[in-house]
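Notes follow once the structure below has been shown.
Taken together, the values in this text are just the output of simple stated rules run on the coordinates, not laboratory data. None of these values were measured; they are calculated from a predicted model. Using ideal geometry, Cβ is built from the backbone for each residue, glycine included, and neighbour counts are taken over all protein chains shown.
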Amino acid sequence: MEMVNKRFMELVRRQMNKECPIIKPRSQNPPSSKLTQILERDENGKPKLNLTSLRRTVVQVPTQKEYWDVMRVYECGGWKWSRGDLPTEEGNRWYQYKKETCVGAGIEFLYKKEKRFGYDCNEFYIGENQKVLSISEFYDKQTITPGMLKEINRWFDENGK
């Protein structure tokens, strides 16, 4: 028991000594830090992307999450559905083909300078001799990093979209 008291007293003496630094334990939960902004923003604060139109190419979105991530990326890139709706505002098109869903990675047509794309099942695009990319291949070609995707998703989540 006396040994513990000696150690405790030594610790107290050190902490009282102004020349000896006080070592504070690290917090288990680091303070939440703001996400580092990587991307430029539009007038509403939405991240902006400059996406490359990949001719005769589609991206397969096998999960609901990947579908919504791609819709957010397309919206940040200024793309719209073929009918003119924003990618995140037009209902959920993933449910029609589910894991076979593909969305255009190229602009099907321009309407008043708006980049427009469509969707279908991967069989349709394969039959049309279009290249089908995985999500990771698409992000690599568009040079979208995990940090950029996190920044995009955070903006949409914070803005209720």
Report the paramagnetic label zone for Lys48: residues of the stretch 119-161 whose backbone N is under 12 Å from a point 7 Å from Cα along the Cα-to-Cβ axis.
-> none
Beta bridges per DSSP with both ends in the stretch 57-158, % antiparallel, nearest 5 = 60
So what is the orientation-averaged projected area of the stretch 40-123, using the convex hull of its C-alpha atoms, in nm²?
-> 5.5
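Which pairs in the list Lys48/Lys141; Lys48/Lys112; Lys46/Lys115; Lys48/Lys98; Lys65/Lys113; Lys113/Lys141 are over 21 Å apart, alpha-carbon to alpha-carbon? Please report the intermediate quantities before stating the final value.
Values: Lys48/Lys141 17 Å; Lys48/Lys112 19 Å; Lys46/Lys115 18 Å; Lys48/Lys98 28 Å; Lys65/Lys113 29 Å; Lys113/Lys141 23 Å.
As for pairs spanning more than 21 Å Cα to Cα, those are Lys48/Lys98; Lys65/Lys113; Lys113/Lys141.
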Starting from the Cα of Asn92, step 7 Å along the direction of its Cβ; do the same at Ser134; then give the gap between the two resulting points in nm.
-> 2.5
Mind listing which GluC sites (Glu not before Pro) in the stretch 78-161 are in a DSSP loop and have 16 or fewer other Cβ atoms within 10 Å?
-> Glu89, Glu90, Glu108, Glu128
